[in-house]
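Below is one structure, written out as structure tokens, with a few remarks after it.
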Amino acid sequence: MKNKAVKIGIIASLAPHLFCCVLPMVLSVVSLFAPEFAHTSILPAWIEPWLFVFSALMLGLSWVLVVRDCHCHCDHCHGESGASHHSQKIILGVITVIFIISVILHLAAHH
């Protein structure tokens with residue numbers, strides 16, 4: 001299960017950002033050339049909170065997988081380096097911080 005937790009975490013943190021920020025910005029640029037796209041909505045407003053909840057659950061699952069993998073008996077954990085999946089923890093930590101910032105910015109912009 002090499003890096004599965006990190007992959008889930010990346011998808012979890014990108015999903016709300018993609019639907020709530022990136023696609024509306026792309027539609028804004030497109031609407032400069034095609035005005036009929038100016039009021040196009042990607043997702044209904046009631047889905048946005050659930051997208052963040054889903055992403056938070058997937059991020060939590062990623063942390064569970066990383067913590068579970070830290071107790072394995074592989075050479076990576078118990079070798080000479082003793083790294084204990086350190087790079088996965090750092091990447092997942094950065095993803096978590098990005099997700100938290102995304103939630104804060106979303107709440108500040110929409111509430």
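Observations
- Mean Cβ neighbour count within 10 Å, used as a protection proxy, ranking 97-110, 53-66 highest first: 53-66, 97-110
- Between Ala34 and Val53, the simple label model (points 7 Å from Cα in the Cβ direction) yields a spacing of 3.4 nm.
Each reported figure results from applying straightforward, stated rules to the coordinates on display, with no laboratory input. It should be emphasised that the depicted structure is a prediction, and the values quoted were computed from it without experimental measurement. Every residue, glycine among them, receives a Cβ derived from its backbone with ideal geometry; neighbour counts consider all protein chains shown.
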